[in-house]
Amino acid sequence: MVWNMLNREELNKFISETYGAAAEFPWHQYPDFAVYRHEGNKKWFAVVMNLPMSKFGLPDDKTVNVVNLKCDPLMTDSLQRESGIFPAYHMNKLHWISVLLDGTVDDEKLKWLLDISFELTE
């Protein structure tokens with residue numbers, strides 16, 4: 001199946017079908033922020049948010065969907081050198097990254113990063 005991760009509904013469907021996790025919306029003040037956790041240990045492996053691009057040091061204040069993913073600390077620095085991947089918004093920047101969901105990062109790389117995050121939080 002071909003996925004379009006730019007579409008939050010498709011991302012949600014992919015995460016649900018691949019990892020068996022349903023979106024949770026724990027923050028009343030941020031009703032569009034979704035958390036995905038493991039069924040057993042309840043650890044988060046993905047957080048999807050819509051944020052101004054300025055939060056990532058970009059000159060535009062346009063809002064963009066992003067996903068925070070857990071990452072091996074040995075990989076975070078090199079990944080953050082790639083277009084569309086940043087230090088995690090509002091999380092530990094050594095262990096988490098933020099990935100823009102605007103087409104900058106292709107779907108195959110995003111799926112690989114989701115797999116890593118899922119495995120690191122098991």
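The values are calculated or read from the model by the stated rules, or taken from the named source; none is laboratory data. As the structure is a prediction and not an experimental result, all values here were calculated from the model. Virtual Cβ from ideal backbone geometry, glycine too; neighbours counted across all protein chains shown. These accessible areas exclude ligands, DNA and RNA; they are computed on the full protein's heavy atoms, side chains included. Shrake-Rupley method; radii C 1.70, N 1.55, O 1.52, S 1.80 Å.
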Per residue and in cubic angstrom, what volume does the convex hull of the Cα atoms of segment 13-122 have? 102
Karplus-derived 3J(HN,Hα) from phi for segment 81-87 (6.51 cos²θ - 1.76 cosθ + 1.60, θ = phi - 60°), whole Hz, x at Gly and Pro, runs 7, 8, 4, x, 10, 9, x
How about segment 1-87: which chymotrypsin sites (Phe, Trp or Tyr not before Pro) there are in a DSSP loop, with at most 12 other Cβ atoms within 10 Å of their Cβ? W27
On the protein heavy atoms, probe 1.4 angstrom, tell me the percent of accessible surface of the chain carried by carbon and sulfur. 51
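I need to check one value: relative contact order of the chain, counting alpha carbon pairs closer than 8 Å and at least 6 residues apart, in percent.
21
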For segment 38-122, what does the accessible surface come to per residue with a 1.4 Å probe? Please give it in Å². 52
